[in-house]
Amino acid sequence: MQTDHATTHDALEDPRNRDILIYVNGALLPRDEAKVSVYDSGFLLGDGMWEGMRLYDGVWAFFEDHMDRFFDSCKAVSLEVGMDRDGIMAAMERTRKANGMQTDVHCRLMLTRGVKVRPFQHPSLSRSGPTLVIIMEHSRPVDRLQGAGIRLATVPQVRGLPMSQDAKYNSHSKLNCVLACLQAEQAGADEALMLDPHGFVNTTNACNFFIVRRGEVWTSTGDYCMNGVTRAKVIDLCRAGGIPVFEKNFSLYEVHGAEEAFLTGTFGAQTPVASIDGKPVGCGSRPVTARIQTLYKQAVADYVASRG
C-alpha cells in the first residue's frame, strides 16, 4: 500500500550511510563533521551548481554527459570549477574507494562560488575560490513505486522563462521547485506537475515527464525544463528501438487522456505515474514504459561493460 507521501527519490534505509565519509574541498570527513561556512555563497544565496550520478558495478553511468551539463552550467554563470573532468573523476573515485562503495550508490556533486568576505550578493565578495562537496550514499530506490506508481498534481507554480532563471541550470537555487512540491503535497499528491509559461505541460518539480498516447511517447519541447541526462537517453533509446517519440507542446487535455505516464531521473531511472490530478493514468497496464525500462537497463549495462 502506498504511504501518504512518496517521492521519486524514496530509497531503502541503509545503516551504512550513518558513517559515510564526505569530500569537502579535498578533505574526507565523517558525515557529522562535514561542514561548510555560513558565509559560503551556496548557503547564503544558492549560488552553485550540482550533479547527481549513479554508480553501477564500479562505474559512474554516463559520466561524460553529466560533465557536459556541469561544465556548461558553470561556464554560463562564470563559476570556476578549479579542476578539469579528470580531476572531478579522481575526487569522486577517492571518495568512493574511501567508503568501500561498488554499486547502488548515488553521488551528489556540489560546487559553489565559495566563501564570501561579507554576507551580501555580489559575486566579487567570494574570494576564497570554489567550494566542492561530494556526498555519496548507499542508495537503492524503493520497489513499491514501480508497482504503485507516483501521484502527481498540476500546480500553479510554473517553470520560468530563460531570461528569469533558465531551468536548464542544475543550480542550488531550487525555491521554484520547492514551492511546486509544497503545492502538490497540499493538494494530496506526491510530486508536482509543472506547466511552462505558455500553459503547456513541462516537467515535475524533480524529474522530467513523459506520456504515452496511442503507442507514441511524448515529452515537452525541452525549452523550459532541466536538460536531463536520463531524459535524453530515453529519447535516444526510443528512436533506436523504433518507438515513436516526440518533443512537443501538449496540454493537460492530452495528459489526462494518456494510456501511460512516467518520470525520468538519474536516481529512479523511469518511475511510473499512477494518477494525475486524482485521475488514474490509463488502465494500469504499462507495456511501453516497461519496454523503455528494459532498454535503459541494457544501455546502462552496455556502458558499464565498455568501461569496466
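Quick rundown of the values:
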| quantity | calculated |
| --- | --- |
| Selected from 246, 70, 267 as most flexible by GNM, with the chain as the system and alpha-carbon contacts under 10 Å | 246 |
| 222 nm mean residue ellipticity, helices alone, for the chain (DSSP H n ≥ 4; -39,500 (n - 2.57); rounded to 500) | -9000 deg cm²/dmol |
| Segment 102-126-segment 145-172 distance, computed between alpha-carbon centres (Å) | 22 |
| Rg/Rh for the chain, where both radii come from Cα atoms and Rh is the Kirkwood radius | 0.96 |
| Contour minus Cα-Cα distance for residue 236 and residue 179 (0.36 nm per residue) | 17.4 nm |
| Crossing angle, helix 63-76 versus the chain [Cα axis fit, 0-90 degrees, rounded to tens] | 70 |
| Relative contact order (%) - the chain, alpha-carbon pairs under 8 angstrom, separation at least six | 19 |
| Rh (Kirkwood; distinct C-alpha pairs) - segment 144-307, Å | 15.9 |
| Nearest-ten-degree value, helix 287-307 long axis tilted from longest Cα axis of the chain | 30 |
| Backbone N under 19 Å from the residue 98 label point (7 Å along Cα→Cβ), restricted to segment 108-140 | 108-112, 130-139 |
| Top of 196, 68, 104 by mean-square fluctuation, Gaussian network on the chain, Cα under 10 Å | 68 |
| Cα-based Rg and Dmax for segment 1-128, where Dmax is the largest Cα-Cα distance (Å) | 16.3, 52 |
| Residues whose placed amide H lies under 5 Å from that of residue 217, excluding near-sequence neighbours | 245, 246 |
| Max mean-square fluctuation residue, GNM over the chain, Cα-Cα springs under 10 Å, options 206, 34, 269 | 34 |
| Computed E for residue 148/residue 28 - FRET, C-beta separation, R0 25 angstrom, nearest 0.05 | 0.05 |
| Three principal axis lengths of segment 245-308 [C-alpha, angstrom, descending] | 45, 25, 19 |
| Relative contact order for segment 144-307, counting Cα pairs under 8 Å that sit 6 or more residues apart, in percent | 24 |
| Cα centroid separation, segment 238-256 to segment 8-68 (Å) | 33 |
| Footprinting exposure proxy for 279, 233 (fewest neighbouring C-beta atoms within 10 Å first) | 279, 233 |
| With at most 13 other Cβ atoms within 10 Å, longest stretch of the chain clear of loop GluC sites (Glu not before Pro) (DSSP) | 81-308 |
| Projected label distance in nm at residue 127 and residue 57, using a 7 Å step from Cα toward the beta-carbon | 5.2 |
| Simple label model, 7 Å out from Cα along Cβ direction - residue 275 to residue 83, nm | 4.7 |
| Using alpha-carbon coordinates, inclination of helix 175-186 to the longest axis of the chain, degrees | 50 |
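Taken together, the values in this text are just the output of simple stated rules run on the coordinates, not laboratory data. Small disclaimer: the values here were computed from a predicted structure and weren't measured. Methodologically, a virtual Cβ is constructed for each residue, glycine included, from the backbone with ideal geometry; neighbour enumeration extends over all protein chains shown.
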